[in-house]
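Step one of this worksheet: look at the structure below.
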Amino acid sequence: MEESKKIRENFELQVKNLYRGDIKFYQIERLITISEISEKESTNCEICKANVEKIKEISENVKDYMSGHPKRRREYENKFDSIVHHLKKEHQYYSKEYFTTIYSFWGLLLGLISGFLISHFILSAWMLESIAIASVFFILILRQIGKIKDKKNSEGNKIA
Ligand SMILES: [Zn+2]
């Protein structure tokens, strides 16, 4: 873990000159974690190898990226997103509440549709009530499933 160690040091050196809000906003802690994961995966993956270099370049020019200039900020966000996307797609690393969020959304959708169908075919006088109850029902269930999946990822160290 040579490179990510250097990356962490670079960030730690410069973090003193940054605003707390910026550190949080730019997700620097998360980026350091991502550099460690990328380095671990880089033994078998050329893209991860290149991504470690990308993060290293960011860590050397933090001040420049966080100067508040919209162009630099967008550049930073694009790099960040592409690295996260690669880890998700090729190596199955997910953000902390990835499945909870996705499954809650599916729960809402399922609730709306089933609530509508129930009221349409069975309880025609109770459309809003049917939709509301079905939505809450499915959101709660699917959210729980998402939470279990997120927990499993976290236990398997598959969080990026
Ligand atoms: Zn990779």
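For the reader, a short list of remarks on this structure follows.
- Charge tally around Ile159: other residues with Cβ under 12 Å, Lys/Arg +1 each, Asp/Glu -1 each, net +3.
- Charged-residue dipole, Cβ positions (Lys, Arg, Asp, Glu), the stretch 98-155 about Cα centre, Debye nearest 20: 220
- Stretched out straight at 0.36 nm per residue, the stretch from Lys54 to Leu128 would grow longer than its current Cα-Cα span by 21.5 nm.
- q = 0.11, 0.25 Å⁻¹: log10 I(q)/I(0) that the Debye formula gives for the stretch 2-91, counting C-alpha atoms only: -0.28, -1.34
- Projected label points at Leu140 and Asp64, each 7 Å from Cα along the beta carbon direction, are separated by 5.4 nanometres.
- Summing charges over neighbours of Glu9, with a neighbour being any other residue whose Cβ is under 12 Å away from its Cβ, gives 0 when K and R count +1 and D and E count -1.
- Spherically averaged projected area of the convex hull of Cα atoms, the chain: 12.1 nm².
- Computed over neighbours whose Cβ is under 14 Å from that of Glu57, the net charge equals +2, Lys and Arg +1, Asp and Glu -1.
- Farthest positive-ward along the stretch 1-155 dipole, Cα basis, beta-carbon charges - from Ile148, Ile7, Ile133: Ile133
- Cα-based helix-to-principal-axis angle, 2-15 vs the chain, degrees rounded to 10: 90
- For the chain, a simple Cβ point-charge model (Lys and Arg +1, Asp and Glu -1, everything else neutral) yields a dipole of about 240 debye relative to the Cα centre.
- Loop-located chymotrypsin sites (Phe, Trp or Tyr not before Pro) in the stretch 62-160 whose Cβ has at most 13 other Cβ within 10 Å (DSSP): none
- Estimated FRET transfer efficiency when R0 is 30 angstrom, pair Glu46-Arg72 (beta carbons, to 0.05): 0.70
- When the Gaussian network model of the chain links Cα atoms closer than 10 Å, the mean-square fluctuations of Ala134, Ala125, Ala50 top out at Ala125.
- Sequentially through the stretch 36-47, phi angles give Karplus couplings (6.51, -1.76, 1.60; θ = phi - 60°) of 5, 5, 4, 5, 4, 7, 5, 5, 10, 9, 5, 5 Hz, Gly and Pro residues having no value and appearing as x.
- In the chain the longest region clear of trypsin sites (Lys or Arg not before Pro) that are loop-assigned by DSSP and have at most 13 other C-beta atoms within 10 Å covers 17-95.
- Pairwise label distance in nanometres, Asn157 with Lys5, each label 7 Å out on the Cα-Cβ vector: 1.6
No value in this document is a laboratory result; all are computed from the given coordinates. None of these values were measured; they are calculated from a predicted model. So basically every Cβ, Gly included, is an ideal-geometry build from the backbone, and we count neighbours across all protein chains shown.
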